[in-house]
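The values are calculated or read from the model by the stated rules, or taken from the named source; none is laboratory data. Note that this is a predicted model, so its numbers are computed, not measured. Heads up, the Cβs are rebuilt from the backbone with ideal geometry, glycines too, and the neighbour counts pull from every protein chain shown.
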Amino acid sequence: MFAILLAIAAPDAQAWQVRVNDHGYELKWETSSIEYAINYAGNHGLSEVAIDSMVAGAARSWGTSIKNGMQFSHTGKTSVSGVSYDDGVNAIFFDEDWTEDPALLGLTYVWSTAQGDIVGFDMAINSDDHAWSTDGRADSNDLLNTLSHEFGHALGVDHSPTVEAATMYPASTLGEVLKRDLDEDDVDAILYLYAESENAAEETTVGCSTAPGKGLGLYWMTLLPLIALRRRVEKS
């Protein structure tokens, strides 16, 4: 398996950013219906109903912003608890054995072909180092706040490093709920990627996370014949 470093590109006139691969393709989905499954396991203290609601809300906020519509379809439970393209599942799970930077709240991994067509994603939520809630309480991280950010990455939107009100701003604090609802900057980004597509969804880009702290570090890896894009953000 080969790995190469990729460059990051973004429209100069925008606060938001999108991703391109080493062939110069912006990454988008080639379908308007994207399936996902949830692994509810973990000592996060949240009910399945609450998790379902938060995930659905995060997905819906992005889908409804696209004029022609994009649908995320919940296919049910999964036992997947790690990142892999080979399992054929777009999994959302709580990671209790977090080996990345502990400051990270979550990471989204996206796989694509060399032509930029996304073929899968996995979304890991850090429940090893962080407490979670669904009501914006001040002593934990709001799940919807983080999921909304991560779904942006799953759809191809990168960080918006200068717009603090944006869902894709690369930092978050305990109890914050600001990222639950998309900012105009976020809407501009998703419309740039998908508004002109017949299916309202074509290709896409990668994942990352929000985390309390400052600093922005990231790298991408290409795994042939699929491109695995991986982001690490907000170390502190």
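Some observations on this one:
- Residue within segment 68-85 that is touching a residue at least 12 places away in the same chain (Cβ under 8 Å), closer than 25 Å to His44 by Cα and of a type in the set (A, V, I, L, M) present: yes
- Pairs, first without any contact (Cβ under 8 Å) to a residue 24 or more places away in the chain in segment 36-48, second surrounded by fewer than 19 Cβ atoms within 10 Å (Cβ to Cβ), C-beta under 8 Å, six or more apart: Glu48/Tyr40
- Failed criterion for Gly106 (all others in (1) under 19 Å from Asn145 (Cα atoms); (2) at pLDDT below 95 hold): (2)
- Residue within segment 182-205 that is at pLDDT 50 or above, assigned to a loop (DSSP other than H, G, I, E, B) and under 14 Å from Ser61 (Cβ atoms) present: yes
- Number of the exception - Ala15 against (1) free of Cβ contacts under 8 Å to residues at least 24 places away in the same chain; (2) part of a loop (DSSP other than H, G, I, E, B); (3) within 19 Å of Leu182 (Cα to Cα): (1)
- Hits in segment 115-130 (condition: more than 20 Å from Val89 (Cα to Cα) and touching a residue at least 60 places away in the same chain (Cβ under 8 Å)): Gln115, Ser127
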